[in-house]
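The values are calculated or read from the model by the stated rules, or taken from the named source; none is laboratory data. This is a predicted model, so every value here is computed, not measured. As a convention, Cβ positions derive from the backbone with ideal geometry for all residues, glycine included, and neighbour counts pool all protein chains shown. The protein model used for the area step is the full one, side chains on, heavy atoms only, and it has no ligands, DNA or RNA in it. Shrake-Rupley method; radii C 1.70, N 1.55, O 1.52, S 1.80 Å.
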Amino acid sequence: MPWVGTSSAGQFACATASQRTLKDLRIKRKGQPVFVLGHVLSRKAQEATFEAFNDRLAVVRFSDEALVGYEPRELLLPTEIDEQAVPYFEIRSCRSCELLFPLTIEELESDPEPEQCPDCTSSSTEHTG
């Protein structure tokens, strides 16, 4: 099966208001740090790195070298990556829908931090605004 849709050049992405999952990225870079939500319970809530696409699945590598394929929307981006290229994940559970979502650096530094995921926040804004 072909490995497509990746680049090995450039910087890794962090969570932004418009990009919170691997699916949201226009260019997916090999080695991109991700936080796994996925369907494999033994791997859930672990950090991994994106390797490539294999058909429609994003293949990620775990620290024990295991490779597993996930839907790109199941892979959250880090909040921040420091100067030594260490990713930091600030993951929160939405108080409305209970889905996990990554904070952006701006949200992390805000007071108070968001209690709802972006989808629920936009839904409640539409109903009240």
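Quick notes on this structure:
- Looking across the range 75-91, just one residue is of a type in the set (V, I, T) and touching a Ser or Thr at 6+ places or on another chain (Cβ under 7 Å), and that is T79.
- Test: residue in the range 49-63 that is assigned to a strand (DSSP E or B), open to solvent by less than 40 Å² (accessible area, probe 1.4 Å) and of a type in the set (S, T, Y): no
- Evaluation of V68 against (1) surrounded by fewer than 16 Cβ atoms within 10 Å (Cβ to Cβ); (2) among the hydrophobic types (A, V, I, L, M, F, W, C); (3) more than 20 Å from R92 (Cβ to Cβ) (one fails), failing number: (1)
- Among the residues of the range 84-128, the ones that are open to solvent by less than 50 Å² (accessible area, probe 1.4 Å), under 23 Å from Q32 (Cβ atoms) and assigned to a loop (DSSP other than H, G, I, E, B) come to 4 in all.
- Of all the listed residues (E98, E115, E83), the sole one being at positive phi, without any contact (Cβ under 8 Å) to a residue 24 or more places away in the chain and not small (G, A, S) is E98.
- Options L22, L67, L75; residue that is at pLDDT 95 or above and in contact with a Pro (Cβ under 8 Å, 6 or more places away or on another chain): L22
- Of the listed requirements (1) open to solvent by less than 60 Å² (accessible area, probe 1.4 Å); (2) closer than 15 Å to G31 by Cβ; (3) free of Cβ contacts under 8 Å to residues at least 40 places away in the same chain; (4) in a loop (DSSP other than H, G, I, E, B), P78 misses just one: (3).
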